1. Which number in (1) closer than 21 Å to GLY7 by Cβ; (2) part of a strand (DSSP E or B) marks the one condition that SER106 misses?
2. Between a residue in the range 19-33 that is in contact (Cβ under 8 Å) with a residue 40 or more places away in the chain and any residue that is charged (D, E, K, R), which pairs come within a Cβ distance under 7 Å, given they are 6 or more apart or on different chains?
3. Please state which of the following conditions MET59 fails to meet, knowing it meets all the rest: (1) on the phi < 0 side of the Ramachandran plot; (2) in contact (Cβ under 8 Å) with a residue 12 or more places away in the chain.
4. Mind checking which residues of the range 70-103 are more than 18 Å from the chain's Cα centre (by Cα) and within 28 Å of GLU6 (Cα to Cα)?
5. Of all residues in the range 102-118, count the ones that are closer than 15 Å to THR131 by Cα and either without any contact (Cβ under 8 Å) to a residue 12 or more places away in the chain or surrounded by fewer than 18 Cβ atoms within 10 Å (Cβ to Cβ) (or both).
6. Does ASP65 meet the test of being at pLDDT 95 or above and either under 22 Å from LEU22 (Cβ atoms) or in contact with a His (Cβ under 7 Å, 6 or more places away or on another chain) (or both)?
7. Report yes if some residue within the range 34-50 is surrounded by 14 or more Cβ atoms within 10 Å (Cβ to Cβ), hydrophobic (A, V, I, L, M, F, W, C) and under 22 Å from LEU132 (Cα atoms); otherwise report no.
8. Being surrounded by fewer than 17 Cβ atoms within 10 Å (Cβ to Cβ), assigned to a strand (DSSP E or B) and either in contact with a Phe, Trp or Tyr (Cβ under 8 Å, 6 or more places away or on another chain) or aromatic (Phe, Trp, Tyr) (or both): is that true of THR29 here?
Amino acid sequence: MSGINEGVVSVAVTSLCGEESLHFTGSGTLRRDSRGTHLDYTARDREGNTVRSSVHLGMGRAVVDTGAYRLLLDPSHPTGARIPVEGGALELTVTAHRVHADLDGSDCAIILHYTLSALGRPLQEMHLTLTLGPIETER
C-alpha cells in the first residue's frame, strides 16, 4: 500500500475545556506506506498564525510531531509528553479518547480526541480534525 496525495488542508482545533475553536487552512501531503499513513501540513488562521506538524497513523495510534514536541495518542493507555515552555518543560499525561481516519474518497479526514493532564488534573481536552481535499484549480 503506497501512494501520495497532495491537497488543501483544513485544520479545526477545539479546546473542549475552554470551548475555544481555531480554524486553519493550508496545504499538505498525505503519504501511505508499509508503516502507516503520514500527513505533513502547514496551515494559517485569519490572523496569520501558522501551525505546522506531521501526523503519523499506524496500529490504531497517532503521533503528532510539531517539531518542538511530540504527542503519542494511544487509546489503549495514557502516554507522557514534554512540552517546552519558557525556562523548562511541562510534563504532561496524554489520554487519547479517539484516533480515527477516513482515508477513502476525494476528501481524507483524521479525527483526534485527547486530554492533556498535569499532576493528575486535566488541563485541556482537545478535538483535532484534519481534512485533506483536492487542490482546486482556477478555470
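The values are calculated or read from the model by the stated rules, or taken from the named source; none is laboratory data. These numbers come from a predicted model, not from an experiment. We place every Cβ from the backbone using ideal geometry, glycine too, and count neighbours over all the protein chains shown.
1. (2)
2. These pairs meet every condition: GLY28/ASP40.
3. (1)
4. Scanning the range 70-103 gives no hits.
5. Number of matching residues: 8.
6. It is true that ASP65 is at pLDDT 95 or above and either under 22 Å from LEU22 (Cβ atoms) or in contact with a His (Cβ under 7 Å, 6 or more places away or on another chain) (or both).
7. yes
8. Answer is yes for this residue.
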